1. What distance in nm separates the two pseudo spin-label positions at Ser249 and Ile68, each 7 Å out from Cα along the beta-carbon direction?
2. Rounded to the nearest 0.05, what FRET efficiency do Arg238 and Phe4 have when you use their Cβ-Cβ distance and R0 = 35 Å?
3. By how many nm would the segment from Asp213 to Asn80 lengthen if fully extended, with 0.36 nm per residue of separation less the alpha-carbon distance?
4. Work through the residues other than Ile231 whose Cβ is under 15 Å from its Cβ and net out their charges, Lys, Arg +1 and Asp, Glu -1.
5. So how far apart, in nm, are the two label points at Lys148 and Ile231 if each is 7 Å from Cα heading toward Cβ?
6. Given the C-alpha centroids of the range 230-270 and the range 275-322, what is the distance between them in whole angstrom?
7. Tally Lys and Arg at +1 and Asp and Glu at -1 over the other residues with C-beta under 13 Å from the C-beta of Ile146: what net charge comes out?
8. Assuming R0 = 30 Å, what is the FRET efficiency of Phe314 and Tyr262, from their Cβ-Cβ distance, to the nearest 0.05?
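Values quoted throughout were computed directly from the atomic coordinates according to the rules given, and no laboratory measurement underlies them. Because the structure is a prediction, the values reported are computed rather than measured. Every residue, glycine as well, gets a Cβ built from its backbone with ideal geometry; the counts of neighbours run over all protein chains shown.
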Amino acid sequence: TLQFVASDMMGDHRIMAGLDVISLRNQPDFFAAYYYLKKRPDFGSAIFSENEYHIEGSKRFWQRNTGIQGYMGYPLDKYNRIDLSAGRYFRVIEYTLQEGQESMMNKADSINSLGISYVRDKVVWTDLGPYVGNYLDFSLGQAIKITKRDLRMTDITFETRNYTKLGKRSNLAIRAITAGSFGLDKENYYLGSSFSQSQGGLYYNKSLMRGYDYNEIYGTRVGLLNVEIRIPFLDELRFGFPISWGIGSIRGAIFADFAGVYPRPPNAKDIHGKLIVSQKEFEPWISDEDGFRLLDIRASVGFGFRLGPLSFDFAKKTDLKSFGKGYKFHFGLGQDF
């Protein structure tokens with residue numbers, strides 16, 4: 001994976017580009033973007049192409065997204081802004097019924113997207129990341145049908161974060177996300193491990209539900225809660241061979257993640273790999289002769305370390321009564337929240 005960012009001395013112009021040569025079907029992912037930041041409103045444009053692979057029950061499909069997008073951000077004051085975006089995307093999808101089979105069906109469509117977001121950002125950052133304050137993002141996206149192959153849907157996303165000091169160097173970070181896709185061509189959100197989110201005219205993936213695979217939690221209406229305590233772990237680690245060198249500011253994290261989707265995905269399984277059987281489309285928890293435990297609310301707990309922009313997390317599934325087998329490791333690059 002290669003990423004490139006360049007700016008002029010005054011910060012009026014910014015260029016971003018990325019290339020992932022290790023991708024599906026030997027077709028690299030890439031993006032390129034330009035931002036004009038000299039005036040009060042920010043303007044940007046981007047082109048991109050990316051591959052995705054999804055598993056939904058017995059259905060597996062590969063998807064390639066290619067498109068262009070324009071962006072404008074207008075600050076209302078120091079903390080509040082409005083973001084506008086417009087773009088056109090082309091998708092090619094190949095379906096298979098079982099892993100290893102040849103493609104059973106091909107599909108090509110396109111999306112004409114218009115989006116508006118209200119953002120309030122009062123987060124105070126330190127050199128270790130967000131420390132205190134709160135953040136809110138309410139986004140509305142509409143796909144407009146112009147040609148026969150165009151999709152039509154409405155996407156609504158709400159995200160809020162809060163950071164509270166716990167002493168001089170520790171803090172409590174909480175993030176909540178709700179999202180829904182509606183309309184004739186509504187689509188699924190995937191909460192396991194990563195989530196596609198628009199920011200500054202570009203889409204990027206960020207870690208969400210640790211302890212679960214990418215395709216394990218998905219639906220057209222989703223909710224997520226992350227609770228994380230961030231503490232100092234090692235201020236400096238010094239080595240003397242072959243030369244004197246050291247690593248500084250290693251942070252520790254203890255976290256709990258919760259998520260739910262409606263309706264329940266087909267062939268959904270509990271933390272022990274057993275098929276969930278329920279007459280309801282969504283049953284948060286159950287209490288029977290075996291005791292209280294979560295059902296359609298998924299949960300995980302774990303710990304991790306932060307070294308600059310790098311994150312190393314170990315997560316374990318739980319239903320608040322027992323734990324799933326083994327830990328799942330997550331590696332991240334960049335600040336998730």
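1. 4.0 nm
2. So the FRET efficiency works out to roughly 0.60.
3. Between Asp213 and Asn80, full extension yields an extra 44.4 nm.
4. Values: positive: Lys165, Lys168, Arg169, Arg230, Arg251, Arg306; negative: Glu228, Asp235, Asp313.
Around Ile231, the surrounding residues sum to +3.
5. Between Lys148 and Ile231, the label points sit 6.3 nm apart.
6. Cα centres, the range 230-270 to the range 275-322: 18 Å.
7. Working: positive: Arg88, Lys145, Lys148, Arg149, Arg152; negative: Asp109, Asp150.
Summing Lys/Arg as +1 and Asp/Glu as -1 gives +3.
8. Given R0 = 30 Å and the Cβ-Cβ separation, E is 0.55.
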